[in-house]
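Peer 1: Have a look at the structure that comes next, please.
The values are calculated or read from the model by the stated rules, or taken from the named source; none is laboratory data. Bear in mind the structure is a predicted one, so any value in this text is a computation, not a measurement. Counting neighbours? That spans all protein chains shown, and the Cβs are built from the backbone with ideal geometry, glycine included. With ligands, DNA and RNA removed, areas are computed over all heavy atoms of the protein, side chains included. Shrake-Rupley method; radii C 1.70, N 1.55, O 1.52, S 1.80 Å.
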Amino acid sequence: MVMMEDGSRQLLRQFVEVRSEEAFRDLVRLHAPMVFNTALRQLAGDRAAAEDVTQEVFTLLSRKAAGLGGVVLAGWLYRQTCRRASNLIRTETRRKLRETSAMEQVDRIHRPDPSDDLARELDAAMETLPTKSRDALVIRYFEGADFSTVGRALGISEEAARKQVHRALERLGAIFKRKGITVASVSLGGTLSGFGATPLPDGFVSRISTQALKGAPVAVGSGWFYLLKPMIAGVAATSLVTAAAMTIRSKEVGQDSLQPLRVEGHGAALSRSRSISEDTSLVSLINEIKRVSSGPANALTTLRLSVVLDQIGDDQVAEFIRLANGKLNPQERAATYGRLLERWLEKDPESAMTFVLEDDVGKQVDPHTGSKLILNLFEDWLRRDDPTSRAWLLKHWENPVLKESAFMGALGMHLARNVVDRLIRADDKQPLRDFLRALPTDADRKAAFDSLAGNVPWGSLNRFGDVNEGLDCFRFIRELPDSAWNLDVARKYLSHWMETDPDVFEKAASTLPRSDRFLVALARLSTRQVSGERIPGLSGGFTVQSKPNNASAREQEAIQAGLDLGLPRGEILASVGAILLDRLSEEDALAWVDAHRGEVQLDECLADRARRFGSADGAIDQVPFEIIGIRWASRISDVELRVRMCRGAFRKLCARDLQNASEWLDKPDLPSDMHDTFQALVEESR
């Protein structure tokens, strides 16, 4: 009995060297369950199609085996399976919907399951992971191997394999969170195990092996159905339409009769660019969509809806959506618009995306989360053609829809972060340099790195699997010419790294040149919590216990690192103070500023904090935000700026709550030298 990946290497070597059919059959026996189940998941339970994909993948393996000596075979097979299943979906799905019998569709009535969302998004999310992370999850969960086997496959220790799998789960969880699917890394491992491989019959393995070695795939399983498709396609589809009484009522003047939908079979090769027939208007199709959508939520209803949507050509999608906006309800729009736009995106992505943007189609689908439509379409386009998609984003950067708030920032910036996160992993960083250079401002360039710096909830440095990948990203940030912002981004990047994986961070930090040691010390200072002990969970994940980072000790380390580098003390304290103002409590931060008065100039940071509180409404422990803003502003050394900001905050408090403002006049929180000024503002407001 061979171990999974160790055995795979031996068997692959035997097959390549002596063309051993027995070795190849053993390879199929080891990996076909993972390949078949992956294809089955992507193809929505279509076993015959999954068998075809499995056959194609192992036929490819028999041809490419000689060049696979240096790869993780399980990971390679998984990627090939995903690619071929995706190709089959694009070319076959709509034809199958027209050709499959009504009885088969009824047998597949959808039963809601908590894992449905996860299953639909799993492989797309896996595609975005670094190769090593993806391979680790495939071996551990899809093939059911232990950590020792994962480690041997990746060339690392068993403990390193545990960490690799844990980081990969965290990455995957972050990706799901971005898509609105919440699943903890502790339970994610158990969930993935549920998508693992189911043993396959020996006869299946034998057929796959035999045909793969011949170099020509054959119809397997229920393949007789595929051989007979050309003959039965038209009959099956026509019977389905007749049985379901799928009709369209024409509402045009003088046409009150029911018009049957004409569904063409396999031989007709329905063209997406065709025009709708003269007796079937867009209005009729909209009415039919409403009728079909009122039925039960099962596979037959989905099939009926697909047949209706197939009557709309790609060149008519825009016209249809504009007409349907006032006629379909939000649920009906959500069920139809996405399908039509995904189809249009495959043929002409730039036109499809521009239409969605200019007509703000997302808001028609969901007024509150409409940005998800643009996000999902753009991510799909970015995966398939990142040069064209990012050029489109830059061209439309100033579009008002992309400026709207979404996902903790403008929607356009969120798309830009996706571009950066994708390009940063490439060996050639020139496309990323060009993209950043094309962004309009330094603020835009800095914000594009927010996910890498941990400044957004889904931001995850963990997409880098080891020290070298992490250092490669850090060096890229440091080499950018815009030094006004890259130092801050680099520091936040290092801080996020330390927070999520302190052991790997410290290993990386020890290799950095002396000139970066002060930056490393600032990163340590700005980290509030660091990951502590990882406790294995029952489902294969981990519970990570965080521990606080000692601010006082880190402050002294940062000051000393700056002095060792020969930096002026005032410059060092300015960098340290800017971090501590964000990290410490208000009381401790203001005490720090008072203790270093005269040594350091922090007016810009103090003014920023004062504006943040002074412009907001609310209170903390019954202290109005305006008063908190005045506390910060009162430490500003520039007299004119100090007075202006204090007056502005107190004037706002008077306008919002005059009685509260009057009560604060005699409290010690306000600067005494401005008492008369504040008194005058109260009198003025009465």
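Peer 1: How many residues, within the range 603-627, are free of Cβ contacts under 8 Å to residues at least 40 places away in the same chain, of a type in the set (A, V, I, L, M) and open to solvent by less than 10 Å² (accessible area, probe 1.4 Å)?
Peer 2: Filtering the range 603-627 down to residues free of Cβ contacts under 8 Å to residues at least 40 places away in the same chain leaves 603-622, 625-626.
Still in the running and of a type in the set (A, V, I, L, M): 606-607, 610, 616, 619-620.
Checking which are open to solvent by less than 10 Å² (accessible area, probe 1.4 Å) leaves us with 606-607, 610.
Final tally of qualifying residues: 3.
Peer 1: Okay, next question. Working only within the range 622-653, note down all residues that are assigned to a helix (DSSP H, G or I), β-branched (Val, Ile, Thr) and within 13 Å of Trp664 (Cα to Cα). Don't jump to the end; show me each part of the working.
Peer 2: In the first step, residues of the range 622-653 are kept if they are assigned to a helix (DSSP H, G or I); the result is 625-633, 639-653.
Next, only the ones that are β-branched (Val, Ile, Thr) stay: 627-628, 630, 639, 643.
Correct list: Ile627, Ile628, Ile630.
Conditions tested, residue by residue: (1) at pLDDT below 85; (2) open to solvent by 20 Å² or more (accessible area, probe 1.4 Å); (3) within 28 Å of Val150 (Cβ to Cβ).
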site: Ala65; (1), (2), (3): no, no, yes
site: Trp76; (1), (2), (3): no, yes, yes
site: Gln80; (1), (2), (3): no, no, yes
site: Glu92; (1), (2), (3): yes, yes, no
site: Val106; (1), (2), (3): yes, yes, no
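Peer 1: Still on this structure: State all residues of the range 325-339 that are touching a residue at least 40 places away in the same chain (Cβ under 8 Å) and either under 19 Å from Asn376 (Cα atoms) or crowded, with 19+ Cβ neighbours inside 10 Å (or both); if no residue qualifies, say none.
Peer 2: Applying the first criterion (touching a residue at least 40 places away in the same chain (Cβ under 8 Å)) to the range 325-339 yields 327-328, 332, 335-336.
Scanning the range 325-339 gives Leu328, Glu332, Ala335, Thr336.
Peer 1: Among the numbered conditions (1) open to solvent by less than 40 Å² (accessible area, probe 1.4 Å); (2) within 18 Å of Ala607 (Cβ to Cβ); (3) touching a helix residue (DSSP H, G or I) at 6+ places or on another chain (Cβ under 6 Å), tell me where Phe678 comes up short.
Peer 2: (2)
Peer 1: Which of the helices (runs of 4 or more DSSP H) contained wholly in the range 347-426 include at least 3 residues that are buried (at least 21 other Cβ atoms within 10 Å of the Cβ) and modelled with pLDDT of 85 or more?
Peer 2: On the way: elements: 349-358, 361-365, 371-384, 386-395, 400-403, 411-423.
By residue number, 349-358, 371-384, 386-395, 411-423.
Peer 1: Could you tell me whether the range 669-683 includes any residue that is within 23 Å of Val576 (Cβ to Cβ) and among the acidic types (Asp, Glu)?
Peer 2: As a first pass, look at the range 669-683 and keep what is within 23 Å of Val576 (Cβ to Cβ): none.
No; the residues of the range 669-683 include none that is within 23 Å of Val576 (Cβ to Cβ) and among the acidic types (Asp, Glu).
Peer 1: Determine which single condition Val643 fails, assuming it passes every other condition in (1) in contact with a strand residue (DSSP E or B) (Cβ under 8 Å, 6 or more places away or on another chain); (2) more than 15 Å from Leu590 (Cα to Cα); (3) surrounded by 13 or more Cβ atoms within 10 Å (Cβ to Cβ).
Peer 2: Condition (1) is where Val643 drops out.
Peer 1: Still on this structure: So how many residues does the range 135-146 have that are assigned to a helix (DSSP H, G or I) and open to solvent by 20 Å² or more (accessible area, probe 1.4 Å)? Lay out the reasoning, then the answer.
Peer 2: Of the range 135-146, the ones assigned to a helix (DSSP H, G or I) are 135-142.
Within this subset, residues satisfying the condition of being open to solvent by 20 Å² or more (accessible area, probe 1.4 Å) are 140.
Residues flagged as assigned to a helix (DSSP H, G or I) and open to solvent by 20 Å² or more (accessible area, probe 1.4 Å) within the range 135-146 amount to 1.
Peer 1: Any chance the range 420-431 includes a residue that's closer than 30 Å to Gln331 by Cβ, touching an Asp or Glu at 6+ places or on another chain (Cβ under 9 Å) and of a type outside the set (Lys, Arg)? It would help to see each step written out before you state the result.
Peer 2: Keep residues of the range 420-431 that are closer than 30 Å to Gln331 by Cβ, which gives none.
No, the conditions are met nowhere in the range 420-431.
Peer 1: Among the residues of the range 570-610, count how many are within 33 Å of the chain's Cα centre (by Cα) and among the charged types (D, E, K, R).
Peer 2: 4
Peer 1: State whether one or more residues within the range 520-541 are on the phi < 0 side of the Ramachandran plot, modelled with pLDDT under 80 and crowded, with 21+ Cβ neighbours inside 10 Å. Let's see the steps before the verdict.
Peer 2: Start the filter on the range 520-541 by keeping residues that are on the phi < 0 side of the Ramachandran plot, which leaves 520-539, 541.
Among the residues that remain, those that are also modelled with pLDDT under 80 are: 528-539, 541.
Checking the rest, the ones that are also crowded, with 21+ Cβ neighbours inside 10 Å come to 541.
There is at least one residue in the range 520-541 that is on the phi < 0 side of the Ramachandran plot, modelled with pLDDT under 80 and crowded, with 21+ Cβ neighbours inside 10 Å.
Peer 1: Sticking with this one: Which of the residues belonging to the range 557-584 are within 13 Å of Val520 (Cβ to Cβ) and open to solvent by 30 Å² or more (accessible area, probe 1.4 Å)?
Peer 2: Scanning the range 557-584 gives Glu557, Gln560, Asp564, Leu565, Ser575.
Peer 1: Right, something else. Assigned by TED's automatic domain parsing to the domain that holds Gly151, under 25 Å from Arg152 (Cβ atoms), open to solvent by less than 60 Å² (accessible area, probe 1.4 Å) and not in a helix (DSSP H, G or I): does that describe Val35? Write out each step before concluding.
Peer 2: Working: assigned by TED's automatic domain parsing to the domain that holds Gly151: yes; under 25 Å from Arg152 (Cβ atoms): yes; open to solvent by less than 60 Å² (accessible area, probe 1.4 Å): yes; not in a helix (DSSP H, G or I): no.
Answer is no for this residue.
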